[in-house]
1. Scan 130, 116, 106 and give me the residue that is away from the ligand (no atom under 16 Å from the Cβ), surrounded by 19 or more Cβ atoms within 10 Å (Cβ to Cβ) and modelled with pLDDT of 95 or more.
2. All but one of (1) closer than 23 Å to residue 93 by Cβ; (2) assigned to a helix (DSSP H, G or I); (3) within 16 Å of the ligand (Cβ to nearest atom) hold for residue 135, so report the exception by its number.
3. Kindly indicate whether residue 53 is away from the ligand (no atom under 13 Å from the Cβ), part of a helix (DSSP H, G or I) and touching a residue at least 60 places away in the same chain (Cβ under 8 Å).
4. Please determine whether any residue of the range 12-33 is within 16 Å of the ligand (Cβ to nearest atom), over 14 Å from residue 205 (Cα atoms), polar (S, T, N, Q) and assigned to a helix (DSSP H, G or I).
5. Let me confirm something: among 66, 89, which residue is within 16 Å of the ligand (Cβ to nearest atom), under 19 Å from the mean Cα position of the chain (by Cα) and without any contact (Cβ under 8 Å) to a residue 40 or more places away in the chain?
Amino acid sequence: MEERIQAAARRAGRERHDITLVAVTKKFSARTIREAYAAGLRVFGENYVQEFAGKRPELEGLPEAQFHFIGHLQSNKARLVLELFHTVQTVDSVKLLRRLDAMAAEMGRRLEAFFEVKLSGEESKTGADERDLAALCEAAAQLDNIRVLGLMTVPPWSEDAESSRPFFRRLAELARKHELAGLSMGMSNDFEVGIEEGATVVRVGTALFGARPKA
Ligand SMILES: *Cc1c(COP(=O)(O)O)cnc(C)c1O
């Protein structure tokens, strides 16, 4: 994995340290996370609030671990998400943004966030419409407790990594337009294309840990 990330960065004329590998551990046990930490991974991505809440007590004593929420977030889970995660990559509405900010204020902490953008027409996908980004950015500028790092997207799944490239390119354009530096794009099947198109964050599960256990 490390070699593939470095090779993709070199191809794109980029520095390895500008790319964060988020190890996606949904459905894997706390033990797998601890082993990955021992192997040197530091940033972990989880999709399900309740599942992660169950594993969290077994993850004490990993001082440098950072947890990113990458699943669909309902506003009623905002408090729990703030208790469990450093970063939320899937903010897709002003309502959710404001709710997270208000909770963060109450809890005396700060949150880092990405706006999730839906660039395909797929019904099953979540994320903000790109036309809503201006409103999201304006709202974020008024808030004290959330720092928006960038944009995140999940293109339609395909065997062919190249089919993700236009979506990644579009996300990079949108980030430039809205003056956001972070780009979370690329999963097991297409993270190298993501890096070539400027990803600062790739989210990789299967290619690190194998097929997810059926939970
Ligand atoms: C599950 C998931 C990943 C990781 O997927 P893999 O194909 O296993 O690498 C990345 N991002 C999101 C949003 C996910 O839900």
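1. Just a single option satisfies the conditions, and that option is 130.
2. Every listed condition holds for residue 135 apart from (3).
3. no
4. no
5. Only one candidate passes the filter, namely 66.
Per-residue answers, yes or no, for (1) of a type outside the set (A, V, I, L, M); (2) within 18 Å of the chain's Cα centre (by Cα):
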residue: 23; (1), (2): no, yes
residue: 38; (1), (2): no, no
residue: 45; (1), (2): yes, yes
residue: 59; (1), (2): no, no
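Residue-by-condition table, conditions (1) at pLDDT 95 or above; (2) buried (at least 17 other Cβ atoms within 10 Å of the Cβ); (3) of a type in the set (A, V, I, L, M, F, W, C):
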residue	(1), (2), (3)
21	yes, yes, yes
28	yes, yes, yes
38	yes, no, yes
56	yes, no, no
86	yes, no, no
91	yes, yes, yes
102	yes, no, yes
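Residue-by-condition table, conditions (1) closer than 24 Å to residue 82 by Cβ; (2) in a loop (DSSP other than H, G, I, E, B); (3) within 13 Å of the ligand (Cβ to nearest atom):
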| site | (1), (2), (3) |
| --- | --- |
| 112 | yes, no, no |
| 124 | no, yes, yes |
| 144 | yes, yes, no |
| 148 | yes, no, no |
| 155 | no, yes, yes |
| 175 | no, no, no |
| 186 | no, yes, yes |
| 192 | no, no, yes |
| 202 | no, no, yes |
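The values are calculated or read from the model by the stated rules, or taken from the named source; none is laboratory data. These figures come from a predicted structure and were not determined experimentally. All Cβ positions, even for glycine, are placed from backbone atoms using ideal geometry, and neighbour counts span all protein chains on display.
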